[in-house]
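Since every read-out is calculated from the coordinates, none of them should be taken as a lab result. Owing to the predicted nature of the structure, the values given are computational and were not obtained by experimental measurement. Neighbour counts run over all protein chains shown; Cβ positions are idealised from the backbone, glycine included.
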Amino acid sequence: MSAAEELRGEVPRAEEPPPEELHEVRVVVNGAARTARVPARRLLSDCIRHDLRLTGTHVGCEHGVCGACTILLDGAPVRSCLLLAVSADGADITTVEGLAAPDGTLSPVQQAFSECHGLQCGFCTPGFLTTITAGLRAVADPDDEQAREMIGGNLCRCTGYQNILASVHRAAEITRERAASSSPAATKRAAAPAGHA
Amino acid sequence: MSSLFGARVQRVEDDRLVRGHGAYLDDLGPDSLAAAFVRSPHAHARITDIDVSGALDVPGLVAIYTYEDLPARLAEPLPLLIPHPALTHGRTPYPLANGEVNHVGEAIAMVVAADRYLAEDAADLIDVSYEPLPAVVGLDAARAAVHLVHEDVPGNRAANEVQEHGDTAAAIAAARHVLELDLEIERSASTPLEGRGVLARWDEQSQHLVMWTSTQTSTGVRAAVAAKLGLDLTQVDVITPDVGGGFGVKIVHPWPEEVLVPWAARLLGRPVKFTEDRREHFIASAHERGQQHHVSVGYDDEGRILGLDVRFWHDNGAYVPYGLIVPIVTSTQLLGPYKPAAYRVEFDSLYTNTVLVTPYRGAGRPQGCFVMERTMDAIAAALGLDRTAVRERNFIQPAEMPYDHGLIFQDGRPLIYDSGDYPALLTKIKDLVGWDKFAPLKEAASAEGRRIGIGLACYVEGTGVGPYEGGHVVVETSGKVKVATGLTSQGQGHQTMLAQLVADELGVPIADVEVVTGDTRRFGYAVGTFASRTAVMSGSAVTLAARKAKEKALRVAADAMEVAAADLEITGGMVQVKGDPDSGISLGTVAVLSNPLRYAFDDAAKAATQFAGGGDMSKPPVAPDDEPGIEGRAYFSPVRSTFASGIHAAIVETDPDTAEITILRYCVVHDCGLLINPQIVEGQIHGGVAQGVGGALYERMAYDEEGQLVNASFMDFLMPYVSEVPREVEIDHLETPSPLNPLGIKGAGEAGVIPGAAALAAAIEDAEGIPVRSMPISPSELFELRRAHGQETR
């Protein structure tokens, strides 16, 4: 151990070894053009969190199983820990920070999670919010089975999923309510029971 | 009693969290150096050499530390947090391995580099040479003790403890009926979605350390770090950021990383951060649950237990930093709502070359509940009695409260139940699940070739464990109320729950109340979040603190308004003569008046300045026994724990061909005293039930004989997705107040998980007609169980 022993602790070096080669990644994130210079191996999740400093996207497993890092890539929910940042060059990305309206109004899914106690520690929540946002675009009025299917690939350790399922249904309802109240015929529909938007 | 207590108040935490504005550990300190660890690939080995030379060419490398670099206090083993007289052979790990590793994942070297990628590069290039030693894996190997985990611990036995109430051997010998059962539970783990993490920043100028850690006890970490780094407590602050779940694992402290990271940050003069990855969490944090039990029970013709003898073996993993809490909890909480005439329990806590074992939600209770409830079912089966009848005959009755078991609980205090109504719980669960109407359903299903079964399990949970918590309430001159308590939050909605209590006490809108937890800058005295204690402990403390603040506010307002304090009330943030809204002054103004000023910092403050007039010129502006400001600080320290209770019932279907197990219904009746926020309590139950189902049907730590954890990923460790949890968790509450705290409440955090394995085992047994004595149970295990019992398989 003698040679290495002296080198323990703070590593003294005459010159720093050459750094990793960097690549430019241009993306649109939550409507804004962003550029990052990253090594080829940088995960998209790490790029979003540490290079673009959008830490709302969380990393729960780094092997694509938990879904906490789910973002919308060109509108589709993807696990950002399974993508390399360089492969997202040119993409349009929505993270949890981009779900609320520009005026700060919570999106229907965000509002539903708050109303229904759909989150506890909140760590997995951004992945659920993005996943359900995309899910409700595909299935606007999910039945129970479809709601379960929608969140079937995301792990939550706190809620036992009961109130997340309730949030899916409530989010669909809020979406309909908002569509009704913003449409010209809103006054007429407000009196009617909630139906398809 | 008041407007917000008992209301389904929407959580104040959520707005930030749903916007992605939470601040979890790894979201902090973006420009910090990153730490990564070289961890043992062997379950048991001597380290013969550590060669770091290969790592030195990694760009961005800053430092590499091994055991030999550690200064004196850090070179000692980490603390044994909870000593116990029976823990005769307590061993704890070194922050970095000192020549020997005792489980896969034990830390050997710490690398600090510009970012985590580079730190891991360097860690991979450090060459450690090992001389492998035989690994002790599993309780059978630990008990056989052919090989030892620690050379100086004979029989691998960390502890042996016996507790007894009555003469159990004589009672069993005299009983008409005796049963013997072997019952086993395997390992699982807390598995929060966020792993552990630490960020430390040393300020050389002020000689002050600030650290953020994903912990369940910031004050515990602070004290431990100060001791290990040779600092005064006032030189260290520990802040708990948003924490992505805890479930017990984060009460352990200090983790090796929690002392090494601040130490390195101080040495290097730069912030250092460690963020645990998922594999590390599996192999380098903590597990729980693994126990083997042997039961001897003597009972009468009615099923009343005359003598109960439980001998069990607890797998404590490689080290015991958290002492004997888990097996002590099993041995005491096993009794549940029952009163065996005589009870003896003896356990060995045994070392194995596996990840250490510390409390995971439920903390030994799921095992105890499994043992007791399986025993109840076995007695019922042997006597041909209804399972609920046997339970009812053994219940402690409400009139017998407080009930003294004659044992010592995990807090070192007598095991005395404060209140509870177990017969009422049983009535409720039978109604909820339709217990008495199940037989025809089962018969009808059977006629269709389907197997369905029903089971239930009762538990009692000691919650609100001491020694104390404190609270601080201060009214700002803006009228806003700032509340602090020292224990920490991991998603339980503490800010909401505590704000409800303070808003009620002070008569202010909940929107004006802001609660901070787990920040030693705000509150320095605390114990931590565990044992379902926050509502009881900190809820009571902040209530008492708010009462003090209110008393002061009324006194100051009474002086200013020239009325008697007794004639005043606070409502909507206004102090007014009772029933006279026009008479009021705002609480913020009262806060201004409470602080005699020389200098006006704004218009409102002018009222309190020295030439503003008023006041008795013969007296000092602040009376000798008074203080400026509207503040209250209070501590709550109960004489002993308060005992919550409940019963779960499950109906399952087992597939005759595939042995797949499906939960058809899952019902919960729950008594945690008065409910502060039913929505939050139900959320806790939902989450607990999911973990109970995971522990019963899916989760296990799959160690091979060499001590490799072969399922150390979310791909292989089967944590429930939505597809694995019951479609609905049907809940009914009973509210039996606790006499031990000012709010009449009991803890609710852990209960949901406790009876899961027991209730599901009972339901599967009922469906199959085969005894289920070991959990978790997978379809393939059920299939094998059928074969072992000679059932034809199709």
Discussion item. Would you work out the Kirkwood radius for the range B:641-716? I mean one over the mean of 1/r across all pairs of different Cα atoms, in Å.
Written reply: 15.6 Å
Item to complete: Using only Cα atoms, figure out Rg for the range A:108-191 and give it as a multiple of 2.2 N^0.38 Å.
Response: 1.12
Discussion item. Sequence gap of 8 or more, or different chains, plus Cα separation below 23 Å: how many lysine pairs satisfy both in the range B:423-554?
Written reply: 9
Worksheet item: Let a ≥ b ≥ c be the square roots of the eigenvalues of the Cα gyration tensor of the range B:469-636; is it rounded (a/c under 1.5), or, if not, prolate (a/b larger than b/c) or oblate?
Response: prolate
Practice prompt. Work out the length of the dipole vector of the protein assembly as shown about its Cα centre, built from +1 on the beta-carbon of each Lys and Arg and -1 on the beta-carbon of each Asp and Glu, and round it to the nearest 20 debye.
Written response: 1600 debye
Discussion item. To check you understand DSSP bridge types, tell me what percent of the beta bridges within chain B (both residues inside) are antiparallel, rounded to 5.
Written reply: 75 percent
Worksheet item: With Cβ to Cβ distances under 14 Å as the rule, what net charge do the other residues near B:Leu426 carry (K, R +1; D, E -1)?
Response: -3
Item to complete: Tell me which residues come under 5 Å, amide H to amide H, from B:Ile82 once H is placed; ignore anything under 5 positions away on its chain.
Response: B:Gly323
Fill in: Peptide A:14-21 - average C-beta neighbours from other chains (10 Å radius)
3
Discussion item. Translational diffusion coefficient of the range B:187-316 at 10 °C, 1.306 mPa s, Stokes-Einstein with Kirkwood Rh over Cα pairs, in µm²/s as a whole number.
Written reply: 93 µm²/s
Item to complete: Go through the range B:720-737 residue by residue and turn each phi into a ³J(HN,Hα) via Karplus (6.51, -1.76, 1.60, θ = phi - 60°); whole Hz please, and just put x for glycine and proline.
Response: x, 8, 4, 5, 9, 8, x, 4, 9, 9, 8, 10, 10, 9, 10, 10, 9, x
Item to complete: Mind sorting A:Arg170, B:Arg522 by how few other Cβ atoms lie within 10 Å of their own Cβ, fewest first?
Response: B:Arg522, A:Arg170
Practice prompt. For every helix of n ≥ 4 consecutive DSSP H residues, a contribution of -39,500 (n - 2.57) applies; sum these over chain B, divide by its total residues, and give [θ] at 222 nm rounded to the nearest 500 deg cm²/dmol.
Written response: -7500 deg cm²/dmol
Worksheet entry | Within chain A, helix-based [θ] at 222 nm, where runs of 4 or more DSSP H residues each add -39,500 (n - 2.57), nearest 500 | -9000 deg cm²/dmol
Discussion item. How would the protein assembly as shown be classified by its alpha-carbon gyration tensor: rounded, prolate or oblate, with rounded meaning a/c under 1.5 and the a/b versus b/c comparison settling the rest?
Written reply: rounded
Worksheet, complete the sentence: Long-range amide H partners of B:Leu718, meaning residues 5 or more apart or on another chain whose placed amide H is closer than 5 Å, are B:Arg700
Worksheet entry | Per-selection Kirkwood Rh - the range B:587-690 (Cα, Å, 1 d.p.) | 20.3 Å
Worksheet entry | Shape call, chain A: gyration tensor on alpha carbons, a/c limit 1.5 | prolate
Worksheet item: In whole Hz, what ³J(HN,Hα) sequence does the range B:500-517 give by Karplus (6.51, -1.76, 1.60; θ = phi - 60°), x for Gly and Pro?
Response: 4, 5, 5, 4, 5, 4, 8, x, 10, x, 4, 5, 8, 9, 10, 10, 10, 10
Item to complete: Positive end of the charge dipole of chain B (Lys, Arg +1 and Asp, Glu -1 on Cβ, about the Cα centre): tell me which of B:Ala557, B:His294, B:Ala788 has its Cα farthest that way.
Response: B:Ala557
Worksheet item: Lys/Arg Cβ at +1, Asp/Glu Cβ at -1, dipole of chain B taken about the Cα centre: which of B:Leu268, B:Pro337, B:Leu193 is farthest positive-ward?
Response: B:Pro337
Response to the item:
For A:Arg34, the residues 5 or more places away or on another chain with a placed amide H closer than 5 Å to its own amide H are A:Val27, A:Val28, A:Val29
Worksheet item: What ranking do B:Phe530, B:Phe370 get, fewest neighbouring Cβ atoms within 10 angstrom at the top?
Response: B:Phe530, B:Phe370
Item to complete: Quote the FRET efficiency, to the nearest 0.05, computed for A:Ala33 versus B:Val622 with a Förster distance R0 of 51 Å and r equal to the Cβ-Cβ distance.
Response: 0.30
Fill in: Within 10 Å of each Cβ in A:138-150, the average number of Cβ atoms from other chains
1
Worksheet entry | Fewest-first sequence of A:Thr70, B:Thr571, A:Thr94 by Cβ atoms within 10 Å of each Cβ | B:Thr571, A:Thr94, A:Thr70
Worksheet item: Roughly what % of DSSP beta bridges within the protein assembly as shown run antiparallel, to the nearest 5?
Response: 80 percent
Item to complete: Run the dipole for the range B:235-351 about the Cα centre, Lys and Arg Cβ at +1, Asp and Glu Cβ at -1, nothing else charged, and hand back the magnitude in debye, nearest 20.
Response: 320 debye
Fill in: Per-residue ³J(HN,Hα) for the range B:401-416, Karplus 6.51 cos²θ - 1.76 cosθ + 1.60, θ = phi - 60°, Hz, x for Gly and Pro
7, x, 10, 9, 7, x, 10, 10, 8, 5, 8, x, 10, x, 7, 10
Worksheet entry | Listed residues A:Ala179, A:Ala138, A:Leu155: farthest to the positive end of the dipole of the range A:108-191 (Cβ charges) | A:Ala179
Worksheet item: Roughly how big is the range B:469-636's charge dipole about its Cα centre, with Cβ charges of +1 (Lys, Arg) and -1 (Asp, Glu), in debye to the nearest 20?
Response: 540 debye
Practice prompt. Summarise the partner chain shielding of B:680-688 as one whole number: the mean count of Cβ atoms from other chains within 10 Å of each residue's Cβ.
Written response: 5
